[in-house]
Structures are given as structure tokens and as C-alpha cells.
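Below is one structure, written out as C-alpha cells; the observations come after it.
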Amino acid sequence: MKAIQSALIWAAEVGLILLWLPLLAVVRLFDRDPAHYTTGRLFRLLGNAMTRVNPLWRVHIEGAFPDDPRLPYVVVSNHQSNADIPVVCRLPWEMKWVAKAELFKLPVAGWMMRLAGDIPVNRNDRASRTRVLTTAKQVLKHRCSVMFFPEGTRSRDGRVRRFQTGAFRLAIEAGVPILPLAIDGTRDALPKNGWKFGNAIDAYLKVLPPIPTDGLNPSDADELAAQVRDRIISQIADWRGTSTADVDALSASADEPSSTLSSGVEETAKTPQRG
């Protein structure tokens, strides 16, 4: 039964992708917005649809959405799983994703990311990281938000890792607010070491109140990152009914290396324990 159900889910996902690619290409041809907002929004609707055709994914969205979808934010979220991406696509506004450059080389998925105007970064190349900030500033000027996973990679144990500061410096320099997202429950959303889906999961996503950057300067990026990270950790701890120390990876290891720019699109975290 699991095999049949998983095969049907994968067939539906592949069918959606094959349908979306030519549609996305046609829309991009006529999308004259400098941020290619309509094209990007259509691409996010693919992620939205992928969560809805999977009966094993129950997605719960909380929090207040921005009143104006064209009011730009630097959006940041903790990162547990590749399933975070389609789950975040359930949010009803467009934002360009900063993602590792390798993903843009993938057939179909990479083509769609380029059509949508997402931003590639090579984390091992300083020049690439600089270009990301320059490109992201232009996107923000065109009244479109930019999305980062500031941990830089997926959490392997469900705790929130150190936040890199690139997204926060960007927000300060561009003079736009930070919009934090907290996500939990996606660890087991995708099959591991195989193609069969496991048990049903409840994925939780909450839009937290925006944090203004007025009056800050780039030297405040570390403090801003810590403030945002604390808010996300508190929300996840509340969902799980546990202490913030149990969610904070740095409470167990203060020696985790950090770098300067966030990127990535990857996996993991414990399913939240809710009463």
C-alpha cells in the first residue's frame, strides 16, 4: 500500500512540474516587471500545489501576512528539510530565493529557478557572495522580497544552528525590515534513502512580526541576527512544549563555525510535540 501511495504522489508531483515548465516560460516572455514578479509568483504556486497533492503533508500556516505584497522584506527562516521550500511557497506573496548555485544546474528545477529570477550563490566564492548582495539589493528596490535560510544548510538534529549575518547586513543596508519565519515538523516529510513516503506529517509555519532596521548600521548585523534567531527558537520551543535550550544548537556547542552569508535549500528536524 505504501508503495502504491508513494508512486501516485510522485506521479502527481512530476506531472505538476511538466505542466508548469512551459507555462512558466510563456509567462516569463510577457513579464515586463523588473522583478519578474508574476513569473516568480507562478513558480511559488507550483510549490504550493505540490504540498496540496500530497495527502501525507498537513500544512498549518499561522501569523499575520504583510498587507502589501510589494512591500519588500528580507525574509529569513530556520531550515529543517527540503520540504521547507514548498511549505514556504504556501505564503501568498512573491520573494526571490537565495539558493546554492548547484541547484541552478539541475535540469527542469534549475531552469525554473532561473526563469523565476532566484539568486544563485557559491558559498565558497567570496565574489559570488558579494554579487548576491548586489543582486538582492536590486530585487528589493524593485519592490520584491528576498528569502534566506540564514543557517546556510539544513539542521541535522532539529535544533536551530548559528545564523550567518549576510541577510541581516543586506536588510540594514537596504533599509528594509526583517520578516522572520519559524518552521517545524518537516523532518520526515520526504523519503530518506528510498522513494517511499513514510507516515503523515504536520508541518507548521508561522509568520512572525517584522523587525524594522531603521537606525541600524552594518555593525549591528550580529545583534539583529541573534534577536531574530531567538524569536524563531522561542516559537519552535513553544510548538514542541520544551525549553529554548532544547531547540538552540548553540546551547550545547558554542564553537560551531560561522560565515558571512546565508544561502542553501536543504533538510531536517524533529516533528513537534503538541498536545
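The values are calculated or read from the model by the stated rules, or taken from the named source; none is laboratory data. As the structure is a prediction and not an experimental result, all values here were calculated from the model. Cβ placement follows ideal geometry from the backbone for every residue including glycine, while neighbour counts extend to all protein chains displayed.
Evaluated against (1) under 30 Å from Arg156 (Cβ atoms); (2) in a loop (DSSP other than H, G, I, E, B); (3) over 17 Å from the mean Cα position of the chain (by Cα), Gln80 falls short on exactly one condition, (3). Restricting the range 83-110 to residues that are under 9 Å from the mean Cα position of the chain (by Cα) and without any contact (Cβ under 8 Å) to a residue 60 or more places away in the chain, the residue that is farthest from Ala174 (Cα to Cα) is Pro86. If the condition is being surrounded by 15 or more Cβ atoms within 10 Å (Cβ to Cβ), outside any helix (DSSP H, G or I) and not aliphatic (A, V, I, L, M), then the range 86-136 contributes Cys89, Arg90, Trp93, Glu94, Lys96, Trp97, Lys100, Gly117, Asp118, Pro120, Asn122, Arg123.
Conditions (1) outside any loop (DSSP other than H, G, I, E, B); (2) modelled with pLDDT of 95 or more; (3) polar (S, T, N, Q); (4) in contact with a Ser or Thr (Cβ under 7 Å, 6 or more places away or on another chain), marked per residue:
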site	(1), (2), (3), (4)
Ala11	yes, yes, no, no
Val14	yes, yes, no, no
Trp20	yes, yes, no, no
Ala25	yes, yes, no, no
Arg32	no, yes, no, no
Thr39	yes, yes, yes, no
Phe43	yes, yes, no, no
Asn48	yes, yes, yes, no
Arg58	yes, yes, no, no
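Figure legend. Inter-residue proximity from the range 228-241: first residues under 14 Å from Arg159 (Cβ atoms) and touching a residue at least 60 places away in the same chain (Cβ under 8 Å), second residues part of a helix (DSSP H, G or I) and of a type in the set (S, T, N, Q), beta-carbon distance below 9 Å, spacing 6+ or different chains. Indicated pairs: Ile233/Thr244; Ile236/Thr244.
For the range 167-180, a tally of residues being in contact with a helix residue (DSSP H, G or I) (Cβ under 7 Å, 6 or more places away or on another chain) and either β-branched (Val, Ile, Thr) or buried (at least 23 other Cβ atoms within 10 Å of the Cβ) (or both) returns 7. Of the numbered criteria (1) within 26 Å of Pro212 (Cβ to Cβ); (2) crowded, with 18+ Cβ neighbours inside 10 Å, the one Asp68 fails is (2).
When Ser263, Ser243, Ser219, Ser234 are checked against the criterion of being modelled with pLDDT under 95 and polar (S, T, N, Q), Ser263 stands alone in meeting it.
Just name the residue that is surrounded by the most Cβ atoms within 10 Å (Cβ to Cβ) out of those in the range 137-164 that are of a type in the set (S, T, N, Q) and within 16 Å of the chain's Cα centre (by Cα). Among residues in the range 137-164 that are of a type in the set (S, T, N, Q) and within 16 Å of the chain's Cα centre (by Cα), the one surrounded by the most Cβ atoms within 10 Å (Cβ to Cβ) is Gln164. For the range 212-246, the candidate set comprises residues that are of a type outside the set (Ser, Thr, Tyr) and not in a helix (DSSP H, G or I); within that set, the residue that is farthest from the chain's Cα centre (by Cα) is Gly215. Considered as a group, the residues in the range 181-211 that are assigned to a loop (DSSP other than H, G, I, E, B), surrounded by 20 or more Cβ atoms within 10 Å (Cβ to Cβ) and small (Gly, Ala, Ser) include one that is modelled with the highest pLDDT, and that residue is Gly185.
Listed conditions (1) within 20 Å of Pro86 (Cα to Cα); (2) over 16 Å from the mean Cα position of the chain (by Cα) are all met by Gly185, apart from (2).
Pairs are defined by a Cβ separation below 7 Å, a sequence spacing of at least 6 or placement on different chains, a first member in the range 172-185 that is over 29 Å from Trp239 (Cα atoms), and a second member that is surrounded by fewer than 22 Cβ atoms within 10 Å (Cβ to Cβ) and aromatic (Phe, Trp, Tyr); no pair meets this definition.
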